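Visitor: One structure, as structure tokens, below. Some questions next.
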Amino acid sequence: AIAAGGYHFLALSSSGMVTAWGDNLSGQCAVPTSLSNVIAIAGGTYHSMALRDNGTVSAWGQNFYGDINVPPGLSNVVSIAAGSGHSLALGSNGLVTAWGFNGNGQTTIPSGLSNVVAIGAGANHSLALKSDSTVVAWGLNSSGQASVPPGLSNVVSIAGGSSHSMALKIDGTLAAWGDNLYGQTNVPAGLSNVIAIACGG
């Protein structure tokens, strides 16, 4: 697996070890020496996250907003995501845990949110994909990045960019919403058979 943060990169090897390179001003590339048995990675703007095979999470790098303060006792995690200054974890029970910067409500989990099967983080907004293939978003909505298009369904994957969001549908087509200053939500006409997505700045 690979992941990109704001100015750094992460790679996960088949041995469960993590390698990081790029900007290390906040220690985001200083992988803990004891870290092993990793099954997933995520990069925030200035912090990094790793999910171990025992369902626990490690985080390192910038901690201005508690970005890397993994909640005590957090366990049974199956997925992780990192925003600009916040972090998300999805438990095996379908519930989301969030911590770090909450200046735009990005770590305030919507009341009643459950049955989540995937999570995504934009710079200052958060996304959740539910088992019914619908999407929930919260946090900064200055460009409509947290305004999920009405009727969006049959979603199998989600991704958050700096100020836009994307969803991959079961038929291999895409939906995108939010900031479009550079055409980032202009899905190319005729694009189909997509199997994976990612968002940049």
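FYI, it's all coordinate maths here, none of it is from the lab. Bear in mind that the values here come from a model prediction, so they are computed numbers and not experimental data. We place every Cβ from the backbone using ideal geometry, glycine too, and count neighbours over all the protein chains shown.
Visitor: Can you tell me the dipole magnitude for the chain around its Cα centre, using point charges on the Cβ only (Lys, Arg +1; Asp, Glu -1), in Debye to the nearest 20? Spell out each step's value before the answer.
Guide: Working: 3 positive and 6 negative charges, 25 e Å.
Around 120 debye, computed over the chain.
Visitor: Among T56, T19, L181, whose Cα sits farthest toward the positive end of the charge dipole of the chain (+1 at Cβ of Lys/Arg, -1 at Cβ of Asp/Glu, about the Cα centre)?
Guide: Looking along the dipole axis, the top candidate is T56.
Visitor: Subtract the Cα-Cα distance of L25 and D132 from 0.36 nm times their separation in residues, and report this length gain in nm to one decimal.
Guide: The span from L25 to D132 would gain 34.4 nm if fully extended.
Visitor: In addition: What three numbers, in Å, describe the spread of the alpha carbons of the chain along their principal axes, ordered from the longest?
Guide: Sorted largest first, the three principal extents are 46, 35, 34 Å.
Visitor: Place the peptides 35-48, 58-71 in order of packing, highest mean first, counting for every residue the other Cβ atoms within 10 Å and averaging per peptide.
Guide: Numbers: 35-48: 21.6, 58-71: 19.4.
Per-residue mean Cβ counts within 10 Å order the peptides as 35-48, 58-71.
Visitor: Who wins for biggest fluctuation among W177, W21, W138 in a Gaussian network model of the chain, springs between alpha carbons below 10 Å?
Guide: W21
Visitor: Taking 7 Å along the Cα-to-C-beta vector as the label spot, tell me the V187-L35 distance in nanometres, rounded to one decimal.
Guide: 3.3
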